[in-house]
Structures are given as C-alpha cells and as structure tokens.
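A quick write-up on the structure given underneath.
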Amino acid sequence: MKQSRQDDIIQDRMRPGVITRDGLLGSDRRLLCDILEADEAEVRRLGLSHAAIAARMRALRDAGAEGLGEPVTVLDHFEVRVDSVRGLLPCPFPHEGLCRKGFVDVRNLRSGEQVTYTEMNIHMIEAHGFYEGAGSPFRQEPAMLARVLEIPRPAAE
C-alpha cells in the first residue's frame, strides 16, 4: 500500500517527543499504512473488529474505575486497576478531541496474563485501527488483547 501525504504527517506526530516522550511507533520502521494494514489483517484473522476490541477494553476500564485506583474484581476473574494521571493528550490523527491520561491494568486471574493500556489506546484502536508500532511501550498486540481480555467473537450469521 502506498502511504499518503496525510499518513506522513500523522506518522511524524507519532515520533518521540511530539505527543509523548517515547512516541507511538517504538522501534517499528514500517510506514504507518503498513502498520495499519498488518493489524487490520490480524484482527480479521481473529474474527474480531476494532470496535469489539475497544468495547471490551472500555468496559473493563469503566468497571475498574469504580475502585478509585485500587484493584477490583470484574466478571469474577479479571483484576482491574485504573490509575488516572493529570493531563490530556491529543490524538495524532486529524480530528478534534483529547484523551485523558491514565493507565488500565487488567490481570486475567484464570491465565495469570496481564495487559496494560491507556485511554489513548482505546481511542486509537476504535477510531483508527491503530495499536501502536512494534517496540512502543504501549503497543497492544490484537491477539494478546483477544486472549487476555477474552473478547468474544461475534455469533456467526
């Protein structure tokens, strides 16, 4: 896929020190359009959608927020802790709106696996299909999210 000029601008915003200290690309040397295309293919292979993944992440975040920074048990086998940090971050993609800073830790008590994600992750996955670049501190692997968060596949029609 050929990268557009708009994708170049977005990718420049994802570099270290522009929006976040470490940036959103990590050590990934691929073009933004190639990162998006690879993650789209992986999500399809899993039989999921970006919306379904983001919805599960958001639901666990919302339930965990009731703990006010302390871990809470959700759905009998997820331990969720939500930490808020002061401040807002702009999305690198072109639209208005800001994401609150904060971290969501989810431990699957059945498997022992854990993921940590941010408000920005939820937004970028849902709105843009972007899971961050390989090596990024908050890169979210679609397969790991699906497994740890036990995201159900939609019923076959």
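Per-structure values
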read-out: Qualifying residues in the range 98-123 (those that are part of a strand (DSSP E or B) and open to solvent by 30 Å² or more (accessible area, probe 1.4 Å)) - the one farthest from Val74 (Cα to Cα); value: Leu98
read-out: Qualifying position, being farther than 22 Å from Ile19 by Cα, open to solvent by less than 70 Å² (accessible area, probe 1.4 Å), more than 16 Å from the chain's Cα centre (by Cα) and of a type in the set (A, V, I, L, M, F, W, C), among Ala65, Ala146; value: Ala65
read-out: Answer residue from the range 71-94, given it is free of Cβ contacts under 8 Å to residues at least 40 places away in the same chain and not in a strand (DSSP E or B) and is most open to solvent (accessible area, probe 1.4 Å) among those; value: Asp76
read-out: Restricting the range 10-55 to residues that are open to solvent by 60 Å² or more (accessible area, probe 1.4 Å) and of a type in the set (A, V, I, L, M), the residue that is farthest from Cys99 (Cα to Cα); value: Leu31
read-out: Criterion violated by His128 - all others in (1) closer than 22 Å to Asp34 by Cα; (2) touching a Lys or Arg at 6+ places or on another chain (Cβ under 6 Å); (3) open to solvent by 40 Å² or more (accessible area, probe 1.4 Å) satisfied; value: (2)
read-out: Unmet criterion (only one of (1) out of contact with any helix residue (DSSP H, G or I) (no Cβ under 8 Å at 6 or more places or on another chain); (2) over 17 Å from Glu79 (Cβ atoms)) for Pro94; value: (1)
read-out: Number of the condition not met by Arg58 [criteria: (1) under 16 Å from Glu150 (Cα atoms); (2) open to solvent by 50 Å² or more (accessible area, probe 1.4 Å); (3) free of Cβ contacts under 8 Å to residues at least 60 places away in the same chain]; value: (3)
read-out: Residue within the range 72-86 that is touching a Cys at 6+ places or on another chain (Cβ under 7 Å) and either among the hydroxyl-bearing types (Ser, Thr, Tyr) or within 22 Å of Asp34 (Cα to Cα) (or both) present; value: no
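The values are calculated or read from the model by the stated rules, or taken from the named source; none is laboratory data. Computed from a predicted model, the values in this text were never measured in an experiment. When we count neighbours, we look across all protein chains shown, and the Cβ atoms used for this are built from the backbone with ideal geometry, even at glycine. Calculation scope for accessible area: heavy atoms of the full protein, side chains included, ligands and nucleic acids excluded. Shrake-Rupley method; radii C 1.70, N 1.55, O 1.52, S 1.80 Å.
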